[in-house]
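Worksheet: one structure, shown below.
The values are calculated or read from the model by the stated rules, or taken from the named source; none is laboratory data. The structure presented is a predicted model; accordingly, all values stated were derived computationally and were not measured. Counting neighbours? That spans all protein chains shown, and the Cβs are built from the backbone with ideal geometry, glycine included. Each accessible area value is taken on the protein alone, full model and side chains, heavy atoms only, with ligands, DNA and RNA left out. Shrake-Rupley method; radii C 1.70, N 1.55, O 1.52, S 1.80 Å.
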Amino acid sequence: EGRKPNQTTTVTSQDLPELNEDDLSEKFVRGSGAGGQKINKTANRVILVHIPTQLRVECQDTRSLQQNRKIARKRLRLKLDEFINGEKSRTGLKGAKVASKKAKTKAKNRARQRKKAAAKEED
């Protein structure tokens, strides 16, 4: 009837390591780059350091300090996950999936090329 979904491992936000506020060092510094006075005169860049692992994340994606803090924490959790779990981290699994898909596509293209070459030789 319908297509069956592929069996994939899904990683939820619960699988990411929790950040303990005591383990974090948070610093706010002046931003730089495009954005004019609002960026250059306000301390909206967030520098977040996980003290036990010395992992460091900087964020200046938006003009809002609160949004930058939220984004920096999210990035630090992902970075910490990669540090702890390696290939089994969220980004590691995603990279493996992309590599697998790329290899399959390459194999299909090779088979197509061989078939085309064989058909050309018959003519």
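Placing +1 on each Lys and Arg Cβ and -1 on each Asp and Glu Cβ, with no other charges, gives the chain a dipole about its Cα centre of roughly 800 debye.
Using a 1.4 angstrom probe on the protein heavy atoms only, could you order I71, I47 from most to least accessible area?
The most accessible residue leads, giving I71, I47.
For the chain, the per residue solvent-accessible surface stands at 82 Å², with DNA, RNA and ligands left out and a 1.4 Å probe. Here Kirkwood radius over Cα pairs in Å was calculated from the structure, and among (1) 15.6; (2) 15.2; (3) 18.3 it sits at label (3). A 1.4 Å probe, protein heavy atoms only, puts the accessible area of D23 near 50 Å². For R45, the amide hydrogen comes within under 5 Å of the amide hydrogens of V29, G31, counting only partners 5 or more places away or on other chains and with H modelled in the peptide plane. Over the residues of the chain, the helix contribution to mean residue ellipticity at 222 nm works out to -16000 deg cm²/dmol, using -39500 (n - 2.57) for each DSSP H run of at least 4.
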